[in-house]
Amino acid sequence: GDGGGIYNATSSTVSVSGGGNSDNQSGGKGGGMYTAAGTLFYLKNYPFSYNTAATDGGGLYNLVGGIDLINVKYAHNTAQRGAGLYNTGSNVNLLFNTVIENEATNGSGGGIYNTGNGLNIDAGLIAFNTASTTNGNGIENTAGAMTINRTLKWQNDYHGNQTSGTGNIEKDPLLDWWWDDISYRSPAIDAVPSAILPAIDYDARMNDRPHICDKDMGYHEYAVGKRAFKWDEGMVTEATVQPGEAYTYTFPITNTSEHWLYDWDKESSLGPGTGYTETMNISLNSSQGWAAITYIAGASGVVTSSNFTTATFDIGPGQVVDILVRVTIPPTQTASVEEDDSTKELTSLDYDAYQCPAADHLTGASPEVKTSVARDYTFAIAPDNYGVALPGTTLTYTHVLTNMGNLTGTFDIHPKAGFYGVGQIMAPVNPLTLAPWMTETVVISVTINPEAAGGLTDITYAVARLEADGSVHAAANNTWISPTTGTRYVATDGQDSLVDETASGTNPEAIDYADNNCTQPDIAPCRTLQHAISQAAAGDTIKIATGSYTETYTTTVASDVITQVAFINKPITVTGGYLTSDWDTEPPAHTLHPTLLDAQGAGRVLYIESGYTVILERLGLLNGDATGLKGGPSAADAGGDLYNAGSDLTLNALRIRDGYAELGGGLYSEDGVLSLTNNLIHNNGSGISATVSGGGGYVHAGDITLLNNTFADNTSSQDGGAFYIASGTLAVTNTIFASNDGGSGETGGDHAALHAEAAATVAADYNLYHGNTLTDVHPSSIYGLHDLLVDPQFGSDFHLQASSLARDAGDPATTLATDYENNTRPSGPRVDIGAYEYVIQPGVALEPNHQQLLSPGESHTYTHTLDNTGEYTDTFDITFASEYGWATLLTPAIVTLAPEDAPATVRVRVTVPLTDTGGLVDMTVITATSQTDSDIWDTATDTTQVRFTPGVELSPGQSGHTTPATPITYTHTLTNTGDGVDTFTVTHQSPPGWTVVHSNTLTVPAAQTATLTVRITPPANAISGTVEPVTITVTSAFSPTVQDAAVDVTTIDRVRAVQLEEDESSVITTQTAVTYTHTLTNTGNYTDVIALNWQSSQGWVGTLVTPASPVELAPFAS
C-alpha cells in the first residue's frame, strides 16, 4: 500500500517537525510518507532518506495544496517517478529544501515530480538526482508554470513549465556526503540574502538562519560553532642579527574554527579546523620599524600593502598560512643591550578575521618575536701607504681607524716593525675609545734603520687591536729605501744580511735579502766587497778590515760569463788595512793588518768596467786566474789579478801577486788613465805556465804613470816580464825592476822586463834594473840618464837595506809623501827608488841610574852619558823632574850629536835641605828627547835618600774571646820614635789554621802615630777553651834591625750545637717493623751529653735500638 513510513489520511491534521524518515518502503506510493488530499498538513525540519516506493514519491507523496514544506531534505530515495518528492497539491512552497541523489527508476522526476499548479521553490538545493528518462532528472513539472528562485542546481535539469526566477546558481554544491550537508566550500553558503523569507530564521537542526552572513540554500544552514585561530607554538621567537643583515621569521597561523552540526551543541563539533573560510586582515607591529611582511604562503586572495605593513588573505578551516616577516637591521645600528628591550626590534602581527564584512570580527595577536642586534666588532684601519726614505730618516704616515661595528670599542694601537725599520705611534694616545662609526686619525712615524740596504722595501704596520674580542687589523706602510751615500765597511766577520726574512717560515716565497747597506760598522760591517759595491753610491769609499776575502762573484759581460772576487761598475775608492776596532786611523797600518782579496785560482780578483774613476789603496790582490775569461786582444785571457776595461785607475800601496793570465798576469788595462804608486807587483805570470806578455802588467792603451813601484819575480814567455805597453803613453819613475823573467827559455820576442811597442811613447828615468832575464828594457832607449843598473839589495819583503844604492837615488822632483808602508818620503835628502822608503832610525841612550844616601844639608852630583844610537845627527832636549825640587841641571839643556860622536856628559846636582828631611826619598828623572822625533827618548833616574835615626814602638798586645770561625779585631798604635819619615813592614806569627789580616806597610812621619788593626779568625773546628797567641811585628824599612812586637791572645768560647740527619721514609704492611738509621753529630766545640727520645704521630710502638740514651760525644764527633 501507500505511505511506507507514514500515511496521513484525509481530514487528518498532521504537523511534523524534527525527527526523520528513512529506510521505509511502500508497495505503492510514498515510500517515506503519504499525505492524502484534505489533510491539514504541516512539515518542516524533516529529512527523507533511503526510502523506496514501488510507484511514485520515494520520499514523500503529497496531495495537499497550499502548504509550506520548510527545511526538508530528500536524499537517496527511490521510486519510479518523483523519487524524492511527488507533489499533486497546488500552491505548494518548497522553502529551504534539499533534494539530492534521488533516483527515478522508471520515468522522470528523479528529484521532484510535480503535477500541481503553482509550485514555488525558493532557497533550495537540487543536485545529483537521476531518472531513467533523459529529461527531468532534477524536476519534472507537468502542471502550470512553477517558480524557482535562489536555488542551486547541479547535474540536474528542470523539465516542464517554469517561470524565470532570480538568484539561482548552477554549481557543484560541494557536499559533505558523510552528513549529506554542504561543506564549508559550498557555493550554497550565504547564497540567500538574509532578508528573504524572514520568518524562516532556523534550519532543520534549529541552527540560526542566517548563521554566517546570509542564509544558505537547502535545509541545513552551515554552522560555525566556534571561531578560532592558532599560532604555531614552535615558531622562532628570537634571533640575533648582524647590522646590515636580515632575518625572516615565519608566523604560521591555523584556522581552527569548528563546524558544529548544531550550533547550540558544542558536542556536535566536528573538531578544530572544520569551520569556515575567513578573510583575515593582518597588521604588522614593528617597534623599530625594521620589519616588513614579505610573503604569505598557503593562503588565497593575498593582497599586501605597498609599505608591507598590512595584508589580507582568505584562510580555510584547518588551513595553515605562513606569514613571512623579514627584519632588516640598519647597517649602522648599535648593538642591543640584553636587559633593555628598547634596543631590540619587537615584532608581532594583529589579525582581524571575518566571515563576511558585516559579520562579527574576530581579532587577536601573534606571539611577539624579538630581534636583537648582534654585537658587531667590525673595524678597519686604512689606507695602506707608500713612501720613499733614506736609511736613518723618518717618514710620517697617516691612517684612519673606523669603528664600523655597533659597539663602542676600546682600541690599542701599536706599531709592528718591518724588517728594515721601526714605527712609533704619534697619535692617538692609547687606549682609544670610539663610538660606532666614529673615526680617528692614526699617525705613525717610520724610521728606516740606518743600516738598511737601498732598493728594499720596508713594511711597517700600524696595528689596531680591539680589546673586546682581541681582533686585529693593520694598515701597511710601504717605504722604499733609497740608496744612500757614505763610507762603506767590510769585514770578515761582517754580515751582508742582518735580517733573515725567511725566519718565520710562514712565507714559502720569502727571500733572505742582503739587507745591510754597509754604512754602520758599529751595527755590522758587510761580509763581502761585492755587496758593499752594490750598495755604494758614486764617490763613496769602501773600507775593508784586515783578513782574507775569497768569495767570488759571477756575472756576464758582453755574453761572456766572468768570475771575480769583486766587479766594480761605479766610481768608488776601495781601501784596506783597517781594524774593526779602529776604522778612523788614516792611513791604516795595512802592512800590519793586511787586507787580502784572494781569488784562490777561481777567477780574477777584480774586474773594473769602463768609464769610471776608481781608486784602490792598501790591498793585497792575489791568486787571480783569468783562464777562460778572455778580455784581451783576439780573446786572449787577460788580467789575472786585476782587469780594467777602460776606467781611470789610481793604484796606491797595492800588493799584486801570484796572478796568472795570457796577457797581464798581475793586471791588464784595456784603456784609461792609470796611476800606479808605491805598489809591490811580484810573482805574477807563474805557477801554471808563464804569461805570454806582461807578467806583472799589460796595458793595451792609455796614459800610464808608474811612480815608486817595485816589480820583482814576474814572468812572461815572450815580452814584458814585468810590464808591457802596446800603445799610449808611459811615464816610469823611481821604480825597481828586479829578477823579472821576460822568457829566457822561449824563442821569439825580445824578452825584456819592461817592453814598449812602437805605438807607445815612454818617458823613463831614475829607475833601477837588476837581474832581469833576458834584458831590462825594450827598446833600449827607455833607459834614463839617472837609472841604476845595480843590485837593489833587498831585505825582507823587498825592503831596501841600509847599503842599497836605491836610497836617496830617486827623482829629486818627486813629491810623493809616503811609501808602501805609510812611511814619510823622503826619509833622507831625496826619495828612494822602489815601493819602500828606507826609514832612517833615530835613537838615544841616557845612562846609568844612580842611588845615594845623604845627610840633611849635603849635596851630590850625578853624572850620566848621552849617546846618539840613531842613524843620523840629532838634537836632544834634556829635561829633569825632582820629586822634592832638590835637583839642578849642571850641563846644557840642548845637545846635538852625530851617530859617530862620542857620548855627551849630563850632570845633575841634588842638595838636601837642612830641616825636616830625615827619611825622605827624592827621585830625580832626567829625560833626553829627540827634536826630530818626539817618540824617541830615554831616561835616567837618580834616587836620593836622607839619613835619619829610625825608631818604632808598638802598643802592647791584647786579649779577647770569640767562637770558632768568628773574627775578632784588635787595635794597636804604631809610633815612629825616629827622627825621620819611615815605612814599617807589618808581619805576624799565628797558629795553624788561624787567619790574620792587617796592613802590610805603614808610612809614618817622625814622632807621629798610626793605627794598626789586626783581624783574627780562628778555624771552624777550634775547641772550646783553646788559648792561642798571635805575634805582630813592625820593622823599619830603613833599618831592618829596628822593630817592635805585640802579642794578641784569643780564647775560644763554648758553642753548643747538635745535628741529627737524614729524614727517612718507608712503605710497609701492617704488623711489619722497619728500622731507620740516622747520624748524630756533636757540632759544638766541647764534649757534650745528648739525650735521645722519639715520638710517633700515629701512636705506633717504636724502640730506640742504638745507642742508649744519653750519649756522650766529643766535639765534632758522630
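The values are calculated or read from the model by the stated rules, or taken from the named source; none is laboratory data. Being a predicted model, the structure only gives us computed values, none of them experimental. Cβ: placed from backbone, ideal geometry, glycine included. Neighbour counts: every protein chain shown.
This table checks each residue for (1) surrounded by 24 or more Cβ atoms within 10 Å (Cβ to Cβ); (2) within 20 Å of GLN495 (Cα to Cα); (3) assigned by TED's automatic domain parsing to the domain that holds SER727; (4) within 43 Å of the chain's Cα centre (by Cα).
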{"position": "PHE567", "(1), (2), (3), (4)": "no, yes, yes, yes"}
{"position": "THR580", "(1), (2), (3), (4)": "no, yes, yes, yes"}
{"position": "THR613", "(1), (2), (3), (4)": "no, no, yes, no"}
{"position": "ARG618", "(1), (2), (3), (4)": "yes, no, yes, no"}
{"position": "SER634", "(1), (2), (3), (4)": "no, no, yes, no"}
{"position": "ALA645", "(1), (2), (3), (4)": "no, no, yes, no"}
{"position": "ASP648", "(1), (2), (3), (4)": "no, no, yes, no"}
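Considering SER859, SER882, which residue is farther than 30 Å from PRO826 by Cα, among the hydroxyl-bearing types (Ser, Thr, Tyr) and exposed (fewer than 15 other Cβ atoms within 10 Å of the Cβ)?
That would be SER859, the only listed residue that is farther than 30 Å from PRO826 by Cα, among the hydroxyl-bearing types (Ser, Thr, Tyr) and exposed (fewer than 15 other Cβ atoms within 10 Å of the Cβ).
Look through PHE48, PHE96, PHE41 and report the one residue that is at positive phi, touching a strand residue (DSSP E or B) at 6+ places or on another chain (Cβ under 7 Å), among the aromatic types (Phe, Trp, Tyr) and in contact (Cβ under 8 Å) with a residue 24 or more places away in the chain.
One residue alone meets the criteria, PHE96.
Please identify the pairs in which a residue from segment 173-193 that is under 16 Å from PRO210 (Cβ atoms) and assigned by TED's automatic domain parsing to the domain that holds ILE100 has its Cβ atom under 7 Å from the Cβ atom of a residue that is of a type in the set (Asp, Glu) and modelled with pLDDT of 95 or more, counting only partners at least 6 apart or on another chain.
Between residues of segment 173-193 that are under 16 Å from PRO210 (Cβ atoms) and assigned by TED's automatic domain parsing to the domain that holds ILE100 and residues that are of a type in the set (Asp, Glu) and modelled with pLDDT of 95 or more, the close pairs are ILE182/ASP216; ALA188/ASP216; ILE189/ASP216; ASP190/ASP216; ALA191/ASP216; VAL192/ASP216.
Hey, among THR78, THR151, THR142, THR166, which residue is surrounded by 22 or more Cβ atoms within 10 Å (Cβ to Cβ) and out of contact with any His (no Cβ under 8 Å at 6 or more places or on another chain)?
THR151
With respect to ILE681, is the statement that it is in contact (Cβ under 8 Å) with a residue 24 or more places away in the chain, touching a Gly at 6+ places or on another chain (Cβ under 6 Å) and either assigned to a strand (DSSP E or B) or of a type in the set (Lys, Arg) (or both) true?
Spelling it out, ILE681 is indeed in contact (Cβ under 8 Å) with a residue 24 or more places away in the chain, touching a Gly at 6+ places or on another chain (Cβ under 6 Å) and either assigned to a strand (DSSP E or B) or of a type in the set (Lys, Arg) (or both).
Can ASN114 be described as closer than 16 Å to GLY160 by Cα, at pLDDT 95 or above and buried (at least 22 other Cβ atoms within 10 Å of the Cβ)?
yes
Just give me the residues in segment 17-71 being aliphatic (A, V, I, L, M) and farther than 23 Å from ASN120 by Cα, in sequence order.
Correct list: ALA53, ALA54.
Inspect all residues belonging to segment 472-480 and state whether any of them is within 16 Å of ASN516 (Cα to Cα), aliphatic (A, V, I, L, M) and surrounded by 14 or more Cβ atoms within 10 Å (Cβ to Cβ).
Looking for residues that are within 16 Å of ASN516 (Cα to Cα), aliphatic (A, V, I, L, M) and surrounded by 14 or more Cβ atoms within 10 Å (Cβ to Cβ), one finds none in segment 472-480, hence no.
Show me the strands (runs of 3 or more DSSP E) found entirely inside segment 390-485 where at least 3 residues are polar (S, T, N, Q), more than 16 Å from THR378 (Cβ to Cβ) and touching a strand residue (DSSP E or B) at 6+ places or on another chain (Cβ under 9 Å).
Ranges flagged: 394-403, 439-448, 472-481.
Could you please let me know if PHE128 is at pLDDT 95 or above, more than 60 Å from the chain's Cα centre (by Cα), of a type in the set (Phe, Trp, Tyr) and surrounded by fewer than 24 Cβ atoms within 10 Å (Cβ to Cβ)?
yes
Counting just the residues of segment 919-950 that are of a type in the set (Val, Ile, Thr) and assigned to a loop (DSSP other than H, G, I, E, B), which one comes out farthest from the chain's Cα centre (by Cα)?
THR949
Could you say whether any residue in segment 579-596 is at pLDDT 95 or above and under 18 Å from TYR660 (Cα atoms)?
Yes, segment 579-596 contains a residue that is at pLDDT 95 or above and under 18 Å from TYR660 (Cα atoms).
Determine whether segment 665-687 contains at least one residue that is surrounded by fewer than 22 Cβ atoms within 10 Å (Cβ to Cβ), β-branched (Val, Ile, Thr) and out of contact with any Leu (no Cβ under 9 Å at 6 or more places or on another chain).
No.
Scanning for something surrounded by 15 or more Cβ atoms within 10 Å (Cβ to Cβ), in contact (Cβ under 8 Å) with a residue 24 or more places away in the chain and assigned to a loop (DSSP other than H, G, I, E, B), does segment 379-388 turn up at least one residue?
Looking through segment 379-388, at least one residue is surrounded by 15 or more Cβ atoms within 10 Å (Cβ to Cβ), in contact (Cβ under 8 Å) with a residue 24 or more places away in the chain and assigned to a loop (DSSP other than H, G, I, E, B).
If you scan segment 979-1007, which residues turn out to be farther than 23 Å from ASP1053 by Cα, part of a loop (DSSP other than H, G, I, E, B) and in contact with a Ser or Thr (Cβ under 8 Å, 6 or more places away or on another chain)?
Across segment 979-1007, the qualifying residues are ASP979, GLY980, VAL981, HIS998, SER999, ASN1000, ALA1007.
Which pairs do you get when a residue that is in the same structural domain as ASN569 (by TED's automatic domain parsing), found in segment 514-543, comes within reach of a residue that is part of a strand (DSSP E or B) and of a type outside the set (Gly, Ala, Ser), reach meaning Cβ atoms under 7 angstrom, with the pair 6+ apart or on two chains?
none
I need the strands (runs of 3 or more DSSP E) fully contained in segment 493-591, keeping only those with at least 3 residues that are not β-branched (Val, Ile, Thr).
Of the strands (runs of 3 or more DSSP E) lying wholly inside segment 493-591, those with at least 3 residues that are not β-branched (Val, Ile, Thr) span 547-549, 560-568, 573-578.
Check segment 293-307 and report whether any residue there is of a type in the set (Gly, Ala, Ser) and under 26 Å from LYS215 (Cβ atoms).
Within segment 293-307 (the criterion being of a type in the set (Gly, Ala, Ser) and under 26 Å from LYS215 (Cβ atoms)), the answer is yes, since at least one residue qualifies.
Could you grab me the full set of residues in segment 93-106 that are out of contact with any Phe, Trp or Tyr (no Cβ under 8 Å at 6 or more places or on another chain) and surrounded by 24 or more Cβ atoms within 10 Å (Cβ to Cβ)?
LEU94
Among GLY646, GLY695, GLY624, which is within 17 Å of LEU754 (Cβ to Cβ) and out of contact with any helix residue (DSSP H, G or I) (no Cβ under 6 Å at 6 or more places or on another chain)?
None of the others qualify; the one that does is GLY695.
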